[in-house]
1. In the stretch 61-86, what residues are more than 14 Å from the chain's Cα centre (by Cα) and crowded, with 17+ Cβ neighbours inside 10 Å?
2. In the stretch 136-150, is there at least one residue being touching a His at 6+ places or on another chain (Cβ under 7 Å) and open to solvent by less than 90 Å² (accessible area, probe 1.4 Å)?
3. Looking at Val103, Val150, Val99, can you tell me which residue is aliphatic (A, V, I, L, M) and more than 24 Å from Arg190 (Cβ to Cβ)?
4. Taking the criterion of being small (Gly, Ala, Ser) and open to solvent by 50 Å² or more (accessible area, probe 1.4 Å), would at least one residue in the stretch 108-121 satisfy it?
5. State all residues of the stretch 147-166 that are under 15 Å from the mean Cα position of the chain (by Cα), of a type in the set (Val, Ile, Thr) and assigned to a loop (DSSP other than H, G, I, E, B); if no residue qualifies, say none.
6. Scan the stretch 167-195 for residues that are assigned to a loop (DSSP other than H, G, I, E, B), open to solvent by less than 30 Å² (accessible area, probe 1.4 Å) and of a type in the set (Val, Ile, Thr) and jot them down.
7. Return the total of residues in the stretch 94-106 being closer than 15 Å to Glu175 by Cβ and either in contact with a strand residue (DSSP E or B) (Cβ under 8 Å, 6 or more places away or on another chain) or open to solvent by 60 Å² or more (accessible area, probe 1.4 Å) (or both).
8. Which of the residues that make up the stretch 42-60 are open to solvent by 50 Å² or more (accessible area, probe 1.4 Å) and either out of contact with any strand residue (DSSP E or B) (no Cβ under 7 Å at 6 or more places or on another chain) or not aromatic (Phe, Trp, Tyr) (or both)?
Amino acid sequence: MHTRIATDADLDGLTATLTAAFQADPLWGRWAFPDAKDLAVWWRFYIGSALRYPCVWVRGDYAAASVWIPPDGIELTEEEEERLEPLLDQLVGQRAPDVMELVERFEASHPRERPHYYLGLLGTHPDYRGRGLGMGLLAENLASMDAEGVPTYLESTNPDNIPRYQRLGFRQVGEFTTPDGKRTVATMWRDVERPQAAGLGE
């Protein structure tokens with residue numbers, strides 16, 4: 001299945017796939033935005049911002065997608081950050097302060113010691129689950145970033161995904177919870193993996 005870099009024209013397709021992918025997520029789907037329409041607005045906001053960079057990837061006909069922020073990039077502009085609280089008020093009303101606090105915990109946990117690629121979103125459309133497309137896309141992305149010599153970072157909002165990330169070289173370096181303590185997010189780091197040279201004598 002073909003993989004390509006997404007453009008602004010892909011915003012609708014990316015939003016649909018990642019919204020569907022995260023509807024059952026313990027954090028974003030069940031805790032923060034139980035209404036899929038609200039989750040779609042939220043993801044569209046973040047994806048639209050990330051498309052400033054050539055680091056959003058789509059596999060096939062929106063079967064899977066990954067949204068990365070490059071080492072010198074920012075997830076949201078200052079103007080977009082100012083729009084966050086009004087957007088949350090609109091989407092979740094009285095729960096807005098809790099979701100905003102969650103967003104701030106993501107930001108506070110983000111490592112700043114070393115330049116890295118940040119995986120903001122990775123998802124597979126439910127119609128394509130079980131084929132390894134999401135993890136396959138991630139493996140392709142990581143090979144490219146290894147070739148650049150740049151490490152990577154992500155947060156896992158679903159405990160079931162932690163072993164999958166570990167198999168690709170990520171290790172858990174920390175965690176934080178939602179303000180009510182009901183959900184836990186794992187922070188994960190991956191150092192650059194160099195390919196082993198074969199057939200070289202001592």
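1. If we filter the stretch 61-86 for residues that are more than 14 Å from the chain's Cα centre (by Cα), which is where we start, we get 61-63, 71-73, 77-86.
The answer is Tyr62, Ala63, Leu84.
2. yes
3. When all the criteria are applied, what remains is Val99.
4. There is at least one residue in the stretch 108-121 that is small (Gly, Ala, Ser) and open to solvent by 50 Å² or more (accessible area, probe 1.4 Å).
5. Thr157
6. Thr178
7. Going through the stretch 94-106 one residue at a time, the tally reaches 2.
8. Here is the first cut: in the stretch 42-60, the ones open to solvent by 50 Å² or more (accessible area, probe 1.4 Å) are 44, 52, 54, 57.
Across the stretch 42-60, the qualifying residues are Arg44, Arg52, Pro54.
The values are calculated or read from the model by the stated rules, or taken from the named source; none is laboratory data. These numbers come from a predicted model, not from an experiment. So basically every Cβ, Gly included, is an ideal-geometry build from the backbone, and we count neighbours across all protein chains shown. What goes into the accessible areas is simple: the full protein's heavy atoms, side chains included, and nothing from ligands, DNA or RNA. Shrake-Rupley method; radii C 1.70, N 1.55, O 1.52, S 1.80 Å.
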